[in-house]
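Structure, as C-alpha cells:
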Amino acid sequence: MSQDLADLLFPSSPRVEAILAQYPARGLAQGALVTRFAPSPTGFVHIGSIYIAMIDWLLAHQTGGVFILRIEDTDQKRQIERALEDIVQYLAAFGLDPDEGLAIVDGAIAERGAYGPYVQSERRTIYGAFAKQLVASGWAYPSFQTEEELLALRRRQELANTGTGYYGPWAEDRGLTFAEVQEKLAGGQPFVIRVRAPYPNPEKAVIDDAIRGRLEIPGNEIDHVLLKSDGLPTYHLAVVADDVLMGVNRAIRGEEWLGTLPLHVQLYQALGLPMPIFAHIAPIAKTEGNAKRKLSKRKDPEANVAYYFAQGYPIQAVLEYLLNIADSGFEDWRSKNPESPLVEYPLSLRRMPVSMAMFDLQKLNSISREVIAGYSPDALLQQVLTWADEYSPDLSRWLHADLDYARAAVNIGRGDTPPRKDLTVWSDAEREHGYFFDECFARSLADEGYKFPSLADADMLLILDYCLQDMAAVEQKGKDAWL
C-alpha cells in the first residue's frame, strides 16, 4: 500500500534516484571539506551568523574544499524585505564570498555553482521526490488534521498529563487507510507529510560531533511535519536532502539544533543516504550581572551586524575577534604571525568551545585599535573616508575638501614607536582629528558653551589657522597641551 499511497500523493514526482543522478559526487581531494552557510531571510544578519559563516569559509578554503551559501526561505510568512540582499552583501563585505550559491557577480546578485538551485523555495520538485520515497518505504504518511484539531489534541494531552506532540497513539491520521486518504483527497482537504517515528523508540541517535565528541541522544518518537501543505518542506526534510545533494560533508550549525538531531539521523537512515559529520557550535553570549545569556536580537545592538559598520569597526578586526573566540589557539598564532592572512590559520573544530562563547566588546576594541594602528596614512584616510561617506556627511565633506591636508592631520603621531592608538573605530576620527577642521572645531567649542559674535573673526580660530601651518608644533606639544 505504501507505494500506491506515494503514487497517489505525488503522481508527478520523480524518483530520488533520478534526482541523485543530477548531483554527481564532487571528486575533490581527500580531506577537502564542503561546508554550507544556510541562513533564513527572516530578520537582520546576526553577528553569530557571520561567526558560523567565517568558520565554514575558513575550513573549506584551508582544505581545498567548497563553501556554499544556501538560502533557507521555506518559512515564507516570516520573510522580510531586503533580508536576502543583506545576507549576500554582508558576506561580501567580510570577504566571505561563497564558492557556490548567491553571490555578488559584476555588481549584482547572481547564482553560481552546478549544484543549485541554492534557494530552497526553488527546489520543490526535489523535496517532493524525497517525501515520496519516505511514504513509499513506510517512513512517512499524510496527515489532514486542521490547526483547530491539533489544538484540541494538545488540550486533551495536557488534561491527560502526557507529553504533547503528534506521536504514537495520539497521531490520529497515522492509521488512515488508502481508501480514507483517497476520500479526503477527493474532498480537496489539504495535507502535510509527517515522518512515521517508532513509538516507543528504544534506539538512540549516535554521532561523533566534530566539536563535542561522541553524542548519544534518545531516538526521535515525534511524527514531525516534513512537507507542509503548500508543498514546501520544513527545515528537517530540506536540510537532509540539500546536504546530500550538494555533497556537504561538514554540517556546521548552532547547538540549538541538537534537539532535532535524532530526527535528522532517523531521516538519513530511512533514506539510506550518507550523513555528514556534524559540528554543533556553542552560541555567542554575554554576561548580564552574574549570569550568562545568549546575545539577544532584541536587547543587544551588537547582535546586529549593521552595528559594526555604523560604528566603523574594521572588517579585519571583527574577523580576528571572532576567530579569537572560536579557537583558543588563534591569539598565540597571531602574535607569532602578525602579518599573515587569516586563511593561513589552521582552524580546528576540536578547539572550539562547547559552552557559550563569551562576547566582550572591550576585547574587540583592543583588537580594533591594534588593527587600525597598523594602517598606512593613505589606507587609514581611505577607510575613514569610506565610513564617513556613508555615515557622517559633515566629516566626509571636511575630508574631501583637501585630501592632502586631511591625510597630514590623521597621520600625526602615526610614525611614532609605538604608533598612536587613539582610534578604536572609524567614527572616532571626528573626535580625535576633527579639531583640525574649522567648522568641526567651532562646533565642538559651541557644544561646550563657547560663544563667538562672529566665528570668522574669532581670535581662537586665527590662532588655530596659524598653528596648523606647522604640523610639527602640534605634534611636539600634543593636542591637549596646545589647546
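The values are calculated or read from the model by the stated rules, or taken from the named source; none is laboratory data. Predicted, not measured: the structure shown is a model, and the values here were computed from it. Cβ coordinates were reconstructed from backbone atoms using ideal geometry, including for glycine residues, and neighbour counts include every protein chain displayed. These area figures cover heavy atoms from the full protein model, side chains too; ligands, DNA and RNA do not enter into them. Shrake-Rupley method; radii C 1.70, N 1.55, O 1.52, S 1.80 Å.
Let me know the shape class of the range 196-281, please: from the alpha-carbon gyration tensor, a ≥ b ≥ c as square roots of the eigenvalues, rounded when a/c is under 1.5, otherwise prolate if a/b is greater than b/c, or oblate. Judged from the Cα gyration tensor, the range 196-281 comes out oblate (a/c at least 1.5, b/c at or above a/b).
Across Ser366, Ser340, the residue with the most accessible area heads the list, and the full order at a 1.4 Å probe is Ser366, Ser340. From the alpha carbon centroid of the range 219-271 to that of the range 194-213 is 12 Å. A full extension of the chain between Leu258 and Glu180 corresponds to an added length of 24.4 nm, given 0.36 nm per residue minus the alpha carbon distance.
Were the residues from Gln62 through Asp360 laid out at 0.36 nm apart, the gain over their Cα-Cα distance would be 104.5 nm. Using C-alpha pairs under 8 Å with a sequence gap of at least 6, the mean separation divided by the residue count of the chain gives a relative contact order of 13 percent.
Counting only whole DSSP H helices of the chain, there are none at least 30 Å long by C-alpha along their axis and with mean Kyte-Doolittle hydropathy no lower than -1.0.
Normalising the average separation of contacting C-alpha pairs (under 8 angstrom, six or more residues apart) by the number of residues puts the relative contact order of the range 28-137 at 26 percent. Quick check: from the Cα gyration tensor, does the range 342-382 come out rounded (a/c under 1.5), prolate or oblate? It is oblate, given that a/c is not under 1.5 and a/b is not larger than b/c. Here the spin labels are modelled as points 7 Å beyond Cα on the Cα-Cβ line, and at Asn290 and Thr162 they lie 4.3 nm apart.
From its DSSP helices (H runs of at least four residues, each -39,500 (n - 2.57)), the chain gives a residue-normalised ellipticity at 222 nm of -12500 deg cm²/dmol.
Placing pseudo-labels 7 Å out from each Cα toward the beta carbon at Ala92 and Arg397 gives an inter-label distance of 3.0 nm. Within the shell of other residues whose beta carbon sits under 14 angstrom from the beta carbon of Pro393, the net charge comes to -3, with Lys and Arg scored +1 and Asp and Glu -1. DSSP finds beta bridges in the range 1-134, and of those with both partners inside it, around 40 percent are antiparallel. The GluC sites (Glu not before Pro) of the range 284-386 meeting both criteria, a DSSP state outside H, G, I, E and B (loop) and at most 11 other C-beta atoms within 10 angstrom of the site's C-beta, are Glu339. Backbone amide hydrogens, once placed in the peptide plane, bring Val66 within less than 5 Å of Leu33, Val34, Thr35, excluding anything fewer than 5 places away on its chain.
Note on the chain: antiparallel DSSP beta bridges, both residues inside, total approximately 60 percent of the bridges counted. Roughly how far apart, in whole Å, are the Cα centres of the range 132-186 and the range 1-51? Here the two parts' Cα centres lie 26 Å apart. Once both labels are modelled 7 Å past Cα along the beta-carbon direction, what's the Ala306-Asp75 spacing in nm? The answer from the label model is 2.0 nm. Please say if the range 114-256 is rounded, prolate or oblate, where rounded means a/c under 1.5 for a ≥ b ≥ c the square roots of the C-alpha gyration tensor eigenvalues, and otherwise the choice is prolate for a/b larger than b/c and oblate otherwise? Oblate is the answer for the range 114-256, as a/c is 1.5 or above yet b/c matches or exceeds a/b.
Under 5 Å between amide hydrogens, built in the peptide plane, is the criterion, and for Ile281 it picks out Arg253, Gly254, Glu255 among residues at least 5 positions away or on other chains.
Applying 1/(1 + (r/R0)^6) with r as the Cβ-Cβ distance of Tyr23 and Ala152 and R0 = 35 angstrom yields a FRET efficiency of 0.25. For the pair Thr386 and Arg431, a Förster radius of 30 Å applied to the C-beta separation gives a FRET efficiency near 0.95, rounded to the nearest 0.05.
In this calculation the C-beta distance from Ser340 to Ala108 is compared with R0 = 45 Å, giving a FRET efficiency of 0.85. The relative contact order of the range 323-407, computed from alpha carbon pairs under 8 Å that lie at least 6 residues apart in sequence, is 22 percent. Charge tally for Glu339 (other residues, Cβ to Cβ under 15 Å; Lys, Arg +1; Asp, Glu -1): -1.
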